[in-house]
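Engineer: One structure coming up, written as structure tokens, with questions to follow.
The values are calculated or read from the model by the stated rules, or taken from the named source; none is laboratory data. Just so it is clear, the model here is predicted, and its values are computed rather than measured. A quick note on method: Cβ atoms are made from the backbone with ideal geometry, for glycine too, and the neighbour counts reach across all protein chains shown. Surface areas here come from the heavy atoms of the whole protein model, side chains and all, with no ligands, DNA or RNA. Shrake-Rupley method; radii C 1.70, N 1.55, O 1.52, S 1.80 Å.
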Amino acid sequence: MTGPRSSIARALSEQVRIVLVEDNKVFREALDLLLGLRSDVEVVAAVGDGTEAVPACVEYEPDVMLIDYRLPGMDGVQATAAVKAMCPEVAIVCLTATATGAEVEALFAAGAVACLRKDQELEQIVAAIRSAATGRLARAE
């Protein structure tokens, strides 16, 4: 991704484009709905399998991908590495309910910039998304 759409100035002044990668349909739809109520972010796609992450990234060119750790097809680490290989400018924020310390380290090694618990407040998740989109988030747990 290149050009004005991927610039920091765009991320600061416009909606941050997000692709959700979450296998739990209820959680995915709820997060999509809650984020859709906001004016500062836009969910451009929501997929339920790790193997769908790269095609969604290529097609929708998001600023940020929210990727669950435990996914069918390929797990969050594999999906993160695959997305970063094809779409290196996309910031990856992982959401997890159960990842261990070693699993979180593997996510960071694969290219994630943040790993958040699914039970965090929506405002904390959005703050991490916006920080990731502007490049201000180097690594956060």
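Engineer: For the subset of region 90-132 comprising residues that are in a loop (DSSP other than H, G, I, E, B) and among the aliphatic types (A, V, I, L, M), which member is modelled with the lowest pLDDT?
Structural biologist: It comes out as A99.
Engineer: Among the numbered conditions (1) farther than 19 Å from R117 by Cβ; (2) open to solvent by less than 10 Å² (accessible area, probe 1.4 Å), tell me where G36 comes up short.
Structural biologist: Among (1) farther than 19 Å from R117 by Cβ; (2) open to solvent by less than 10 Å² (accessible area, probe 1.4 Å), G36 violates only (2).
Engineer: Among the residues that make up region 85-98, is at least one of them of a type in the set (A, V, I, L, M, F, W, C), closer than 17 Å to Q15 by Cα, without any contact (Cβ under 8 Å) to a residue 40 or more places away in the chain and open to solvent by 70 Å² or more (accessible area, probe 1.4 Å)?
Structural biologist: Within region 85-98, none of the residues are of a type in the set (A, V, I, L, M, F, W, C), closer than 17 Å to Q15 by Cα, without any contact (Cβ under 8 Å) to a residue 40 or more places away in the chain and open to solvent by 70 Å² or more (accessible area, probe 1.4 Å).
Engineer: Any residue in region 34-59 that is of a type in the set (D, E) sitting within a Cβ distance under 7 Å of a residue that is assigned to a loop (DSSP other than H, G, I, E, B)? List the pairs, counting only those 6 or more apart or interchain.
Structural biologist: That search, which allows pairs on different chains as well, returns D40/Q15; E42/Q15; D49/D23; D49/L71; D49/P72; D49/G73.
Engineer: Yes or no: G3 more than 21 Å from T134 (Cα to Cα) and modelled with pLDDT under 95?
Structural biologist: Against the criterion (more than 21 Å from T134 (Cα to Cα) and modelled with pLDDT under 95), G3 does not qualify.
Engineer: Still on this structure, please answer the following. Evaluate region 71-84: report whether one residue or more is outside any helix (DSSP H, G or I), surrounded by 19 or more Cβ atoms within 10 Å (Cβ to Cβ) and at pLDDT 95 or above.
Structural biologist: no
Engineer: Another question about this same structure. Which one of V43, V54, V21, V26 is among the β-branched types (V, I, T), surrounded by fewer than 16 Cβ atoms within 10 Å (Cβ to Cβ) and either under 18 Å from K84 (Cβ atoms) or at pLDDT 95 or above (or both)?
Structural biologist: V26
Engineer: How do the pairs read when you match residues in region 110-122 that are surrounded by fewer than 17 Cβ atoms within 10 Å (Cβ to Cβ) with residues anywhere that are assigned to a strand (DSSP E or B), using Cβ under 6 Å and keeping only pairs 6 or more apart or on different chains?
Structural biologist: Note: pairs meeting the criteria are K118/L95.
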